[in-house]
Each structure stands twice: as C-alpha cells, then as structure tokens.
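Single-structure report; data block below.
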Amino acid sequence: MAERSFAKEVQDLRIGAGETFRGEGILAVTKALLQSGVAYVGGYQGAPISHLMDVLGDAQQQGILDEWGVHFESSASEAAAAAMLAASVNYPLRGAVTWKSPVGTNVASDALANLSSGGVKGGALVIVGEDYGEGSSIMQERTHAFAMKSQLWLLDPRPNLESIVAAVEHGFALSEASRTPVMLELRIRACHVYGEFTAKANRTPSPTLAEALAQPIQDTTRITLPPVAFQHEQEKVASRWPDAVSYIREHHLNEVFQGAGGDVGLVLQGGLYNSVIRALQLLGLADAEGATPLPLYVMNVTYPLVDDELVAFCADKRAVLMVEEGQPDFLEQALHSILRKAGVATRVEGKGLLPAAGEYTPFALEEGVAGFLVAHGGPDLQPGPAGSKRLDPVAAEAGARLQGVVPERPAGFCTGCPERPLFGAIKLLQQELGEFHVSCDIGCHLFSILPPFHVGNTTMGYGLGAAGSAAFNVPSGRRKVLSVMGDGGFWHNGLTSGIGNAVFNKSDNVIVIIDNGYSSATGGQDLLSSAAHNPARSTGNPIENAVRGVGVSWVRTVPWTYDVGQVRDVLRDALASEEHGPKVVIAQSECMLNKQRREKPRIRARVREGKRAVRQRFGVDADVCTGDRACMRLSGCPSLTLADNPDPLREQPVTQVVDSCVGCGYCGEVAHAAVLCPSFYRADVVHNPSLFERAVDRLRQRAIDWLATRAVTVERPT
Amino acid sequence: MSESQTTNILVVGIGGQGVMTAAEILAEAALAEGYDVKKTEVAGMAQRGGMVTSHVRFGERVLSPSIAPGTADIMVGFEVAEALRWCHYLRPEGVAMVNTLQLAPPVVSVGLFEYPDDPVGKMREAGVKLYAFDAGEIARGLGDLRLVNTVMLGAIADHLPFPAEHLRERILERFRARKPEAVPINEQAFEAGRQAA
C-alpha cells in the first residue's frame with residue numbers, strides 16, 4: 001500500500017457530464033484520461049507524479065479502470081513505460097504514461113526516440129512531472145531538450161484544473177493529428193493544485209485493446225530500421241511538424257491576454273502563468289482576479305512554437321520579456337531567431353533581467369519584471385518597489401541576520417529507519433579497517449552522506465550504485481570498495497547494470513542491497529520483492545533468488561539490520577573474502593515509515609477498544625550517561641537529543657530519548673557493538689495491562705519505594 | 001483588491017509536529033467563513049525530520065498561495081528555532097505565536113552546529129512582536145502532549161479576522177467526527193492556548 005491512499009477520492013472519477021469535479025491536479029489528470037477514452041496507462045513513480053501512480057493504482061483496485069476497459073501497469077522503469085506506448089504505433093489506441101522528469105525521461109529516452117521516429121497512430125501522451133526548483137530531489141535540468149532532440153511536442157499548460165484537463169484532451173488529439181507522441185509537463189505545484197472543472201462523461205476506448213489484438217497490423221514503414229529511419233526524419237520536418245503547428249494554431253492552444261494593449265508585453269511558459277501574475281500583483285500591476293494591463297502571450301505549448309503567432313504578438317511592440325524557467329534559454333533564442341527572420345525589430349529581453357537559473361517563484365520574478373517595465377514600460381506601466389525594496393528595510397535586515405544563526409535542518413533517515421544501523425555498521429567497519437570508497441545510489445539511503453555518517457563518495461543514478469564502483473575492480477582496491485543500492489533501484493535496472501555487470505566482468509567488489517520492502521523514497525509503493533500482498537501485482541519474489549539467478553555465488557542475507565554487530569561481521573567477511581566474483585549482502589528490515597503507518601493505527605485501535613497493547617521504546621539512564629555523545633555520532637536519530645544533566649555537580653548535558661522513539665533499538669545496539677555505553681535501556685509501554693501485570697507492577701513499585709527510602713536513610717549523616 | 005486585504009498565516013515547525021494539520025484546520029475555518037482560501041506547503045522531506053512550512057492565505061479573492069517575505073500577518077511557530085528561521089516573513093506589525101519547545105536537529109546533537117542561544121530574545125531584539133509559551137507544558141498539564149496543536153491554534157484564535165469561537169468549532173467538529181471522547185479536552189486546550197497568548 002502506498003504512503004497515501006486515494007481510495008475515497010477516486011470515486012469522483014465516475015462523475016458524469018456536466019457535473020463539477022473538485023480536487024487535486026493529479027486527480028483531474030486521471031479524470032481527463034478517462035474522458036479522453038484512454039485504453040492503457042503505465043508509469044514509474046517519483047515526485048511530483050508519485051500520487052498520479054497512486055491514484056491510478058487505487059482506481060484499478062476499486063475496479064474503476066475496469067469499468068471503462070482501461071489497462072494499467074505499474075511499469076518496471078520509465079523505459080518500460082515508454083515502450084508500452086508501442087501499442088499506439090499501429091492501432092488507433094490512446095495510451096498515456098507518466099514519470100518524474102527529467103531523470104525518468106533520461107531512462108526512457110531510448111524508447112521515446114524510437115517511438116517518435118516511427119510516429120504513432122493513436123494518441124500517445126507522456127505526463128512528465130517536472131521536478132525542478134524548491135523541494136526537488138534531483139539534478140536541475142529541463143525536459144525541453146528531449147522534446148527538441150526527438151521532436152516530441154511539449155505542452156506546458158497554465159496551472160489550473162481546466163487548463164490541465166484541456167491539455168490532456170488536446171494532447172491526444174494533437175498527437176493523432178501530427179502522428180507524434182506528446183509530452184505534458186506538470187510542475188510540482190500544478191500536480192497538487194486544487195480546483196474544479198466541469199466534467200465530461202468517461203469514454204470506453206474504441207477500439208478496445210482486445211479488438212485491436214483481433215486485427216493485428218504490421219506496417220514496416222513504422223519500424224525504425226534503415227532505410228525507413230531516414231524517411232522518418234523527413235516525415236518529421238515535412239509533415240508531422242507542420243501538422244502539429246496547424247493544430248495548435250487552429251485550436252488556440254496558446255493564449256493571448258491583450259490587457260490594455262500597449263507596446264510592451266510578456267511572453268511566458270504556460271506553467272509560469274500563476275507565478276507571473278503574482279509577481280505583477282506584488283508590483284501593483286495585477287488585480288486579485290489576475291487581470292493585468294500588460295499584454296501576455298502564454299505558451300501552453302512550448303515546443304513546437306507557432307512562429308506567426310509570436311510575430312503577430314511582438315510586431316506592434318517595442319519590447320517583450322521572455323519569461324522562461326531554467327537554462328539553457330531555448331525559448332529566448334528561438335524567439336530572437338523567429339523575430340529576426342521575420343524582419344521584426346522588437347527588443348527581446350529575458351535572461352539578462354531574470355535569474356539565469358533556478359525556480360521562477362513570484363519573488364524571483366519580481367525584480368526582473370520590474371526592471372523590464374522600468375526600462376520599457378512607459379508611464380502607464382511603472383511597477384511598485386520590487387524584491388527587498390518592497391520589504392520594510394529594518395525587518396529585512398534583521399531577518400537576514402536572524403536566519404544566519406539557525407542551524408540547517410536537513411532531512412535525514414526517519415526515526416527507526418533500518419538503514420541507519422547499516423550505515424552505523426559501515427562506519428564501525430571504517431573505524432576498524434580505515435576509510436574505504438563507497439559508491440551510493442538514489443533513494444533514502446543517500447542520506448548516508450550526511451552527518452553523522454559521512455559515508456558515500458558518488459551517486460550516478462537510480463539502480464546504478466554497483467555500476468558506479470565498476471572501475472575500481474582492480475586487485476589493489478577490491479577489498480576496499482563497497483557499493484549500495486536499494487530494492488527499488490535493484491528492480492529498476494540494478495539487477496542487470498549492477499549485479500549482472502559485476503558477474504560478467506568478474507568483479508570482486510562488495511555490493512549491499514537494501515531490501516526494505518517498498519519503493520520507500522517515492523511513497524512506499526510495492527515492488528517485486530515486497531512482503532505485502534497486493535492483489536493487482538505479483539509480490540514476494542526474493543532478491544536473493546534473482547541475484548543467484550544471474551550467477552552470484554557469494555550471497556548473504558541479513559534478516560534484521562538492527563543487529564549492528566551481525567551486519568558489521570557480514571560486511572567484514574564480504575570485504576575479506578578470497579572467493580572470486582561479486583559479494584552481495586542483502587540487508588533486510590521493513591521501512592519504518594511504512595511499518596509505523598500500519599502499526600500505529602492498529603495499536604491506537606487496540607488501546608481504544610480497551611485491549612492490551614505493547615509499545616517498545618528506549619531510554620537513557622541520566623545517572624549513567626557521561627554526555628560524551630558517542631551514541632549520537634553513530635546514530636543521528638532525531639529522537640536522540642540533549643537534556644540538562646540532572647546531577648547538579650555535572651554540567652555536561654546528557655542524552656535523552658524523546659517521545660518520537662519507535663523502539664527500533666538501534667541506539668542501544670550500536671552503543672553495545674561499539675562497546676560504548678551501558679546507559680541505554682529498553683522499556684515496554686503496556687496499554688491496558690492485564691490484572692497480573694497490574695499486580696506485578698504494584699509489587700515492583702512497593703519494592704522500589706522501599707529501596708528508595710532505605711537509600712535515603714543510609715545516605716543521611718547521623 | 002490589494003494584497004493588504006488578504007490575511008497571510010505562516011505555520012512553521014518540524015515534520016511530525018502537526019504543522020500541516022494546523023494549516024489545514026485554519027484553511028477549513030476560513031473557507032467556512034466564506035473566504036477564498038489558498039494553501040501551499042513545503043513538506044517533501046518533512047516526515048524525514050526536516051523543516052516544514054505551510055502558507056495559508058485567505059481573503060475575498062486569493063489567486064496565489066505563497067506568502068512573500070515581509071508580508072505574513074501571523075506566524076505560528078511549533079519550534080522556537082524554526083520560528084527564528086522564518087520570522088522575517090512577518091510584516092512589521094505581524095504577530096508570532098511561538099512554542100518555546102527546543103528540538104535540536106541531529107547536526108546540533110552531534111556537535112557540528114550550535115543551537116541558537118535565546119531565540120525568543122533574539123526575535124524580540126529584532127522587533128518581532130511575539131507571544132512565547134511552552135505549549136508542551138500546557139498540553140502535558142491537560143494530560144496529553146498531542147494537544148499542542150490545539151493549544152497553538154487557540155493561541156492565534158483572537159488574532160484572526162473572524163471570531164475565535166468559529167475556529168474552536170471547526171477543531172471540535174473534527175474531533176466529534178473522529179474521536180468524540182477527545183472533544184472536551186481539546187476545548188480546554190484551545191482555551192488554554194487563548195489564555196497563553
């Protein structure tokens with residue numbers, strides 16, 4: 001089960017024509033897919049479209065997708081999802097896939113390039129969650145480059161539900177009209193924006209997948225093999241591109257807001273519309289409804305551009321500002337080129353005034369837009385103070401000063417995370433054997449590079465932790481190289497790129513696979529090796545079987561990572577082994593976030609019903625703790641913090657375990673494994689104890705009270 | 001309508017403290033008053049111990065959810081260093097309600113960074129108008145640490161452009177639906193929060 005359930009919300013996907021659909025952006029996308037008669041959907045989870053996969057999964061489990069004959073797969077990778085669109089090459093079937101971009105697009109690009117070469121008959125839509133800017137977890141790049149290199153069309157609609165739904169519907173039609181796959185880009189806030197739109201009836205696909213299969217079509221002119229591949233390239237420029245531009249123009253996919261007319265204007269990506277309007281509001285140039293006197297050309301399609309629309313918008317203006325997020329400035333360069341070729345002399349401003357890189361929040365846009373209007377706006381369009389000048393100077397200065405004294409609070413391993421003991425064990429091993437190179441992977445486990453572990457030297461991409469250590473397979477270094485990958489990355493590609501690669505190349509490196517039962521970092525989705533039963537998927541396929549299946553003979557599974565001593569010993573054995581071939585250690589323990597999500601409601605329910613429930617937690621005996629913080633240096637658990645020393649004669653603060661402790665036991669284990677400290681204790685918190693337990697507790701309390709009285713008596717001087 | 005007719009509330013804290021729930025309740029209460037409401041949050045890493053901020057904006061018509069620095073009317077700080085981190089979002093006449101709880105991040109616990117000394121004093125020195133109190137102490141006094149959220153909402157209740165009782169009703173309504181036995185204690189926590197501010 002994923003982190004968030006949409007079981008209730010997906011019921012709204014059934015609403016009919018004319019009714020008002022209210023909800024989140026990703027739900028609107030799903031409804032739009034059903035309204036468009038989509039036949040099949042696939043994808044790979046990752047922010048900001050993880051919830052789209054979760055919505056589709058819940059809609060499948062509730063039987064909603066079946067009602068309209070829609071096939072849904074939780075694809076093994078983005079490449080698998082992109083390849084699924086092959087069903088739209090020969091048949092007029094509409095298909096949609098989704099992933100996090102640009103990383104997912106990187107993975108999918110082989111299939112995408114083949115798909116866009118041969119082209120499609122049925123509408124093929126790729127919904128890319130553009131993970132750019134605030135809160136992003138990946139390198140900062142643009143999907144735009146992929147659209148240009150493969151000649152896929154790129155939609156970037158205004159972030160409101162009506163525009164997003166229209167983009168899905170037009171996306172399919174544009175794809176069919178131009179025989180080209182279409183990408184629909186949604187930024188993180190667009191995925192989660194709430195709003196409403198007037199729904200249409202859902203449509204059963206026509207033909208259905210089964211009907212298409214009954215009439216197989218082979219058309220070798222659609223298969224990328226020379227000489228046809230050369231013909232595909234000609235088709236792209238000779239017919240598909242012009243047909244796309246015609247569709248975009250005829251259906252007014254791009255929007256012009258004339259404002260009060262005038263001879264300056266803004267050209268902007270549709271996805272930035274809300275931020276631009278807010279920036280104009282902050283400058284006093286837009287009202288609460290978003291109306292502005294400034295003319296706007298909104299590119300709801302950012303590739304291909306419609307040259308004559310841009311020429312028409314710019315020709316009567318002295319200057320325009322191109323608002324384009326990210327770099328390089330593809331659109332700004334294109335706009336220059338389009339206007340100059342058309343002999344239009346309008347001045348084009350852009351990255352010279354706006355930040356060259358980084359997210360365009362309203363506050364990032366303010367100063368650039370203001371600078372443009374100060375220079376070119378004339379008396380009617382003068383902005384109010386922008387940026388820091390808008391703020392009270394005293395407050396702004398104080399704010400900057402105060403912020404500087406607050407320590408960073410980076411995200412890290414959750415309380416009780418089973419990966420913490422693994423990296424604690426690696427740390428202990430490094431203390432014993434000296435520092436060694438660790439090749440990391442994408443996932444929660446990459447938090448290992450942060451304090452207190454500082455473990456990890458590189459990360460090359462999802463599932464590529466083992467491949468990232470391949471070059472170090474040399475006799476002098478083989479016992480000093482370790483790589484890490486998660487179960488998500490393992491099934492995504494790590495089995496071949498990491499394990500198979502190591503077997504084939506006779507690598508002696510050590511590879512750790514973290515098997516925590518979920519694709520945790522993306523929201524707790526199930527995987528092939530998940531322990532959970534999932535009626536729609538096949539789970540419970542052991543990683544060890546797969547690893548042995550590709551030829552690894554040295555495999556050790558550690559079933560409980562909290563046993564730090566055992567993890568350390570197995571890793572030491574792996575590093576010391578004289579056996580040839582890769583050494584694979586599978587470190588198992590359930591993701592604590594998902595475990596708690598399941599366990600907490602269960603315990604709460606038991607307590608409410610008056611039934612006995614036991615919760616474990618750890619504590620530190622303040623009288624024993626020396627306050628040397630050695631436990632923290634090997635743990636970094638958020639529930640381990642400092643408290644005043646209860647002993648008035650000692651000033652050093654002591655360690656304290658706060659309420660968030662989930663009783664994983666790691667702090668005690670690592671302290672024991674490192675022979676650090678006897679001050680940790682485990683307590684069982686018993687809710688609704690039995691009569692016997694109550695009696696024993698009373699006895700214990702009496703004994704303690706008696707001993708305490710005696711102790712006081714003894715200490716008193718006579 | 002100008003920006004100044006919109007009420008901007010910034011809720012800040014750490015993952016797991018109930019920042020997002022508090023913001024959701026505020027948004028619901030404002031919606032029930034007939035306001036147009038927008039809300040946004042940065043919470044991607046929240047559950048993994050990171051900081052959380054939630055922006056709530058309401059007024060006759062609000063298009064954008066994010067609060068600009070220097071424009072928040074009210075800041076609700078669930079942790080005192082987080083309040084210090086974000087207090088520059090307040091406008092000069094804005095008010096901060098700060099829980100004096102200090103949660104040292106692991107980078108402080110392991111000795112890499114210092115936790116700020118006297119965060120409340122620093123904010124006061126900078127001219128921030130604030131009410132600081134130990135919401136945890138109040139909650140524990142009432143018998144349940146989980147009441148902190150209700151205490152904090154009670155604290156800002158008299159600074160909203162609608163009656164405090166309406167916010168209280170909104171909170172109690174949630175408990176009535178999910179956990180009716182917790183209604184009286186939450187009512188007490190709400191009033192205790194009002195008193196604290």
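The values are calculated or read from the model by the stated rules, or taken from the named source; none is laboratory data. Bear in mind that the values here come from a model prediction, so they are computed numbers and not experimental data. We place every Cβ from the backbone using ideal geometry, glycine too, and count neighbours over all the protein chains shown.
If the Cβ limit is 7 Å and pairs must be 6+ apart or interchain, which residue in the range B:89-117 that is at negative phi and at the interface with chain A (Cβ under 7 Å from one of its Cβ atoms) pairs with which residue that is basic (Lys, Arg) and assigned to a helix (DSSP H, G or I)?
B:Val110/A:Arg633; B:Pro116/B:Lys122
Results for (1) aromatic (Phe, Trp, Tyr); (2) crowded, with 24+ Cβ neighbours inside 10 Å; (3) out of contact with any helix residue (DSSP H, G or I) (no Cβ under 8 Å at 6 or more places or on another chain); (4) more than 30 Å from A:Cys444 (Cβ to Cβ), shown as yes or no for each residue.
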position: A:Thr105; (1), (2), (3), (4): no, yes, no, no
position: A:Asp110; (1), (2), (3), (4): no, no, no, no
position: A:Leu115; (1), (2), (3), (4): no, yes, no, yes
position: A:Val120; (1), (2), (3), (4): no, yes, no, yes
position: A:Asp131; (1), (2), (3), (4): no, yes, no, no
position: A:Met139; (1), (2), (3), (4): no, no, no, no
position: A:Glu162; (1), (2), (3), (4): no, no, yes, yes
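Which pairs turn up if I take residues in the range A:445-473 that are assigned by TED's automatic domain parsing to the domain that holds A:His492 and closer than 22 Å to A:Ser589 by Cβ and look for partners that are in a helix (DSSP H, G or I) and of a type in the set (D, E, K, R) with beta carbon separation below 6 Å, at least 6 apart in sequence or on another chain?
As it stands, the answer is A:His445/A:Glu419; A:Pro452/A:Arg633; A:Phe453/A:Lys427, since those pairs meet every condition given.
Suppose we filter A:Val405, A:Val503, A:Val455 for residues that are of a type outside the set (Ser, Thr, Tyr), closer than 30 Å to B:Ala126 by Cα and outside any strand (DSSP E or B); which single one remains?
None of the others qualify; the one that does is A:Val405.
Somewhere in the range B:46-54, is a residue surrounded by 24 or more Cβ atoms within 10 Å (Cβ to Cβ), more than 10 Å from every other protein chain (Cβ to nearest Cβ), polar (S, T, N, Q) and in contact with a helix residue (DSSP H, G or I) (Cβ under 9 Å, 6 or more places away or on another chain)? Before you say what the answer is, go through the steps one by one.
First, the residues of the range B:46-54 that are surrounded by 24 or more Cβ atoms within 10 Å (Cβ to Cβ): B:49, B:51-52, B:54.
Narrowing further to those that are more than 10 Å from every other protein chain (Cβ to nearest Cβ): B:54.
After this cut, where a residue has to be polar (S, T, N, Q) as well, the list is B:54.
If we keep only those that are in contact with a helix residue (DSSP H, G or I) (Cβ under 9 Å, 6 or more places away or on another chain) too, we end up with B:54.
Checking the range B:46-54: at least one residue is surrounded by 24 or more Cβ atoms within 10 Å (Cβ to Cβ), more than 10 Å from every other protein chain (Cβ to nearest Cβ), polar (S, T, N, Q) and in contact with a helix residue (DSSP H, G or I) (Cβ under 9 Å, 6 or more places away or on another chain).
Of the numbered conditions (1) modelled with pLDDT of 95 or more; (2) outside any loop (DSSP other than H, G, I, E, B); (3) away from chain B (no Cβ under 14 Å), A:Pro421 fails exactly one; give the number of that condition.
Going through (1) modelled with pLDDT of 95 or more; (2) outside any loop (DSSP other than H, G, I, E, B); (3) away from chain B (no Cβ under 14 Å) one by one, A:Pro421 breaks only (1).
Can you tell me which residue in the range A:220-229 is farthest from the chain's Cα centre (by Cα), limited to those that are outside any loop (DSSP other than H, G, I, E, B) and not polar (S, T, N, Q)?
A:Val228
Restricting to the range B:95-118, count the residues that are under 30 Å from B:Pro161 (Cβ atoms) and out of contact with any Gly (no Cβ under 9 Å at 6 or more places or on another chain).
Of the range B:95-118, the ones under 30 Å from B:Pro161 (Cβ atoms) are B:95-101.
In the following step, the residues that additionally are out of contact with any Gly (no Cβ under 9 Å at 6 or more places or on another chain) were identified as B:95.
The total comes to 1.
Can A:His445 be described as within 19 Å of the chain's Cα centre (by Cα), buried (at least 22 other Cβ atoms within 10 Å of the Cβ) and either within 14 Å of another protein chain (Cβ to nearest Cβ) or not in a helix (DSSP H, G or I) (or both)? Before the answer, list the steps.
On the way: within 19 Å of the chain's Cα centre (by Cα): yes; buried (at least 22 other Cβ atoms within 10 Å of the Cβ): yes; either within 14 Å of another protein chain (Cβ to nearest Cβ) or not in a helix (DSSP H, G or I) (or both): yes.
Answer is yes for this residue.
Among (1) out of contact with any helix residue (DSSP H, G or I) (no Cβ under 7 Å at 6 or more places or on another chain); (2) over 23 Å from A:Ser136 (Cβ atoms); (3) not in a helix (DSSP H, G or I), there is one condition A:Gln431 misses while meeting the rest; what is its number?
All conditions pass for A:Gln431, except number (3).
Return a yes/no flag: does the range A:418-438 have any residue that is closer than 22 Å to B:Gln102 by Cα and either in the same structural domain as A:Ser483 (by TED's automatic domain parsing) or in contact (Cβ under 8 Å) with a residue 40 or more places away in the chain (or both).
No, the range A:418-438 has no match at all.
Given the options A:Asp508, A:Asp515, name the one that is within 22 Å of the chain's Cα centre (by Cα), at negative phi and surrounded by 19 or more Cβ atoms within 10 Å (Cβ to Cβ).
Testing whether each residue is within 22 Å of the chain's Cα centre (by Cα), at negative phi and surrounded by 19 or more Cβ atoms within 10 Å (Cβ to Cβ) leaves just A:Asp515.
Please go through the range B:122-153 and pick out each residue that is small (Gly, Ala, Ser) and either assigned to a loop (DSSP other than H, G, I, E, B) or within 11 Å of another protein chain (Cβ to nearest Cβ) (or both).
B:Ala126, B:Gly127, B:Gly136, B:Gly143
What number of residues within the range A:40-90 satisfy the criterion of being closer than 13 Å to A:Leu125 by Cα, of a type in the set (S, T, N, Q) and touching a helix residue (DSSP H, G or I) at 6+ places or on another chain (Cβ under 7 Å)?
0
So, in the range A:525-566, exactly how many residues are without any contact (Cβ under 8 Å) to a residue 24 or more places away in the chain and not in a loop (DSSP other than H, G, I, E, B)?
Qualifying residue count for the region: 4.
Every residue, every condition in (1) of a type in the set (Val, Ile, Thr); (2) surrounded by fewer than 20 Cβ atoms within 10 Å (Cβ to Cβ), yes or no:
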| residue | (1), (2) |
| --- | --- |
| B:Val108 | yes, no |
| B:Glu114 | no, yes |
| B:Gly121 | no, yes |
| B:Val128 | yes, no |
| B:Tyr131 | no, yes |
| B:Leu142 | no, yes |
| B:Leu145 | no, yes |
| B:Gly154 | no, no |
| B:Phe162 | no, yes |
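How many residues does the range A:368-380 hold that are crowded, with 20+ Cβ neighbours inside 10 Å and at pLDDT below 95?
Counting residues in the range A:368-380 that are crowded, with 20+ Cβ neighbours inside 10 Å and at pLDDT below 95 gives 1.
Given the criterion surrounded by fewer than 24 Cβ atoms within 10 Å (Cβ to Cβ) and within 12 Å of chain A (Cβ to nearest Cβ), identify the matching residue among B:Gly13, B:Gly77, B:Gly70.
B:Gly70
Among (1) loosely packed, with under 15 Cβ neighbours inside 10 Å; (2) within 11 Å of chain B (Cβ to nearest Cβ), there is one condition A:Arg409 misses while meeting the rest; what is its number?
Answer for A:Arg409: the failing condition is (1).
Could you pull out the residue among A:Ala400, A:Ala370 that is in contact with a His (Cβ under 8 Å, 6 or more places away or on another chain), assigned to a helix (DSSP H, G or I) and either within 14 Å of chain B (Cβ to nearest Cβ) or free of Cβ contacts under 8 Å to residues at least 12 places away in the same chain (or both)?
When all the criteria are applied, what remains is A:Ala400.
Could you please let me know if A:Thr539 is more than 17 Å from A:Gly498 (Cα to Cα) and surrounded by 19 or more Cβ atoms within 10 Å (Cβ to Cβ)?
Working: more than 17 Å from A:Gly498 (Cα to Cα): yes; surrounded by 19 or more Cβ atoms within 10 Å (Cβ to Cβ): no.
Against the criterion (more than 17 Å from A:Gly498 (Cα to Cα) and surrounded by 19 or more Cβ atoms within 10 Å (Cβ to Cβ)), A:Thr539 does not qualify.
Within the range A:230-336, which helices (runs of 4 or more DSSP H) (wholly inside it) include 2 or more residues that are farther than 28 Å from B:Gln5 by Cβ, at pLDDT 95 or above and among the small types (Gly, Ala, Ser)?
Here the list reads A:241-250, A:307-315.
Among the candidates B:Glu165, B:Glu169, B:Glu191, B:Glu187, which residue alone is acidic (Asp, Glu), part of a helix (DSSP H, G or I) and touching a Gly at 6+ places or on another chain (Cβ under 9 Å)?
Sole residue among the options that is acidic (Asp, Glu), part of a helix (DSSP H, G or I) and touching a Gly at 6+ places or on another chain (Cβ under 9 Å): B:Glu191.
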